[in-house]
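The values are calculated or read from the model by the stated rules, or taken from the named source; none is laboratory data. Values in this document were obtained by computation on a predicted structure and should not be read as measured data. Note: ideal-geometry Cβ built from the backbone for every residue, glycine included; neighbour counts use all protein chains shown. Side chains included, ligands, DNA and RNA excluded: accessible areas come from the protein's heavy atoms. Shrake-Rupley method; radii C 1.70, N 1.55, O 1.52, S 1.80 Å.
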Amino acid sequence: MKILILNCGSSSIKFQLRDARDEKLLCKGLIERIGEAQGAIVVSTDGKKLESNEILPNHAAALDQMIHLLTSPKLGVMENLSEITAVGHRVVHGGEAYSDSVLIDDKAIETIDKLSDLAPLHNPPNLKGIMACREVLPGVPQVAVFDTAFHQTMPPVAYMYALPRELYEKYKIRRYGFHGTSHRYVHRRARALAELENKPSKIITAHLGNGCSITAIKDGNVIDTSMGFTPLEGLVMGTRSGDVDPSLPLLLFERGLSRKEVSDILQKKSGLLGLTGGKSNDMRYILEHYEALDEPLTRIALDVFCYRLKKYIGAYAAALGGLDVLVFTGGIGENADLIRTKTCEGLKFMGIEIDPKRNKEGSRKESLISTNACNAKVFVIPTDEELVIAEETVRLVKPAPVLKT
Ligand code: ADP
């Protein structure tokens, strides 16, 4: 009994196979270059790795080839396709329709398709993956776990933009938030680690990867998050600007730039990449060159990144009316002790104080990195979105217990 977990992009698919009984990871992999002249699939277990470079004309062909690798005796994770009892999909946008995961049927497919208006780059490839599974694994139940669902508890005061009301009514223009599955996972772990399960709690979770977002969660419910109508709003990211004056795109249009050029600037050329003058969007590079006098732009990039994050922490502590726990996760949050130090510098007044030794040793594993004296606990918690997707899939697919009469 195995669960296949899929994160489908337009030309790539990230996948994992997990045991349905305990959600233990059996293998994971990546499919790339779907629809191109040569495809690529890599799948690996703890000790073994298999690769294929067949042409993958579409998502169904890619899944077919992936299953061929998964059932290979060389990998040794499963013997045949019938062992896959359910598929869990990461779906980016659930709009206002979904505050929870859903067992996929024709109605769910129609709704996810309609929501493509809100996430034109993400929902269509997510749907392609769902349709491909129907073809390659007919009859196998599928579950959609939405990036936006955890944030649906946000109150109107946090999700309404101060724009003409009809934009919300006609086009559902409001703040939705993303990375919900990651925030949900680390929040759950933080509550357990801080012994706040089933108790009132004020928690801020910062997911810092290529995309970055921060969420305020009160007593288990999201009350605010930094990404908005799209994943462009909020923190400084690898190549995305985060918050800017909304009149800037208008100015660029007036200067003659096209919609695509402006979109590329905000989505692909800004953030750390923009601040470093195009040098790098990779935090590892920025950290390596932080002190180098020959690259002063890496210093400003890192400082702007941490300063924006610090401002959001302050704002969210105010929204929560205090703070019990702050969590760092994502590739940057889990690995970069200097980012954690700089972000929390000067926040002792609000109960946040990093212990330098704990912080230095605290990367890449669940660790408490704050001092014992301060009020708020600060944790590093490696995220595991796929675990949540597997759990949700098992939860929704499990047949209802037969009632004894
Ligand atoms: P994604 O959002 O695509 O899932 P990740 O969560 O893997 O991305 O985060 C990618 C970011 O994490 C990159 O900026 C990368 O430089 C950074 N990162 C990864 N490892 C380290 C490290 N050891 N130290 C600092 N930053 C790191």
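Quick notes on this structure:
- Where a residue in region 119-138 is under 12 Å from Ile13 (Cβ atoms) and its partner, wherever it lies, is open to solvent by 50 Å² or more (accessible area, probe 1.4 Å) and not in a helix (DSSP H, G or I), with Cβ under 6 Å and at least six apart: Pro125/Ser10
- Flag: Val244 matches the condition of being away from the ligand (no atom under 16 Å from the Cβ), among the β-branched types (Val, Ile, Thr) and surrounded by fewer than 18 Cβ atoms within 10 Å (Cβ to Cβ).
- Residues being closer than 30 Å to Lys202 by Cα and either over 21 Å from the mean Cα position of the chain (by Cα) or within 14 Å of the ligand (Cβ to nearest atom) (or both) are represented in region 274-285 by at least one member.
- Taking the criterion of being under 30 Å from Asp219 (Cβ atoms) and in contact with an Asp or Glu (Cβ under 7 Å, 6 or more places away or on another chain), the residues of region 272-319 that qualify are Tyr316, Ala319.
- Filter pass, Leu272 being buried (at least 21 other Cβ atoms within 10 Å of the Cβ) and not in a loop (DSSP other than H, G, I, E, B): yes
- For Asp324: the one exception among (1) surrounded by 13 or more Cβ atoms within 10 Å (Cβ to Cβ); (2) within 16 Å of the ligand (Cβ to nearest atom): (2)
- Taken over region 196-217, the residue count meeting the criterion of being away from the ligand (no atom under 16 Å from the Cβ) and either surrounded by fewer than 18 Cβ atoms within 10 Å (Cβ to Cβ) or acidic (Asp, Glu) (or both) is 4.
- Restricting the first member to region 183-195 and to residues that are closer than 14 Å to Asn221 by Cβ and open to solvent by 40 Å² or more (accessible area, probe 1.4 Å), and the second to residues that are at pLDDT 95 or above and in a helix (DSSP H, G or I), the beta-carbon pairs closer than 7 Å and six or more apart or on different chains are Arg184/Phe150; Arg184/Val388.
- Total residues in region 74-117, condition without any contact (Cβ under 8 Å) to a residue 60 or more places away in the chain and farther than 30 Å from Met154 by Cα: 7
- Taking region 137-182 as the range and being closer than 25 Å to Leu387 by Cβ and open to solvent by 20 Å² or more (accessible area, probe 1.4 Å) as the test, the residues that pass are Val140, Pro141, Phe150, Gln152, Thr153, His179.
- Checked against the criterion of being among the β-branched types (Val, Ile, Thr), under 16 Å from the mean Cα position of the chain (by Cα) and open to solvent by 30 Å² or more (accessible area, probe 1.4 Å), the candidates Thr225, Thr239 yield just one match: Thr239.
- Residue that is surrounded by the most Cβ atoms within 10 Å (Cβ to Cβ) [pool: residues in region 39-68 that are in contact (Cβ under 8 Å) with a residue 60 or more places away in the chain and touching a strand residue (DSSP E or B) at 6+ places or on another chain (Cβ under 7 Å)]: Ala62
- The set of residues in region 367-384 that are surrounded by fewer than 22 Cβ atoms within 10 Å (Cβ to Cβ) and either away from the ligand (no atom under 16 Å from the Cβ) or of a type in the set (Ser, Thr, Tyr) (or both) comprises Ser367, Leu368, Thr371, Asn372, Ala373, Cys374, Asn375.
- Contact map, region 333-348: first residue closer than 14 Å to Arg308 by Cβ, second residue open to solvent by 40 Å² or more (accessible area, probe 1.4 Å) and more than 11 Å from the ligand (Cβ to nearest atom), Cβ cut-off under 6 Å, separation 6 or more or different chains; pairs are Thr343/Lys310.
- Answer residue from region 327-341, given it is of a type in the set (S, T, N, Q) and under 21 Å from the mean Cα position of the chain (by Cα) and is nearest to the ligand (Cβ to nearest atom) among those: Asn335
- Qualifying residue in region 141-151 (condition: in a strand (DSSP E or B), more than 17 Å from the chain's Cα centre (by Cα) and among the hydrophobic types (A, V, I, L, M, F, W, C)): yes
- Within region 1-28, the set of residues being among the charged types (D, E, K, R) and crowded, with 16+ Cβ neighbours inside 10 Å comprises Lys2, Lys14, Arg18, Glu23, Lys28.
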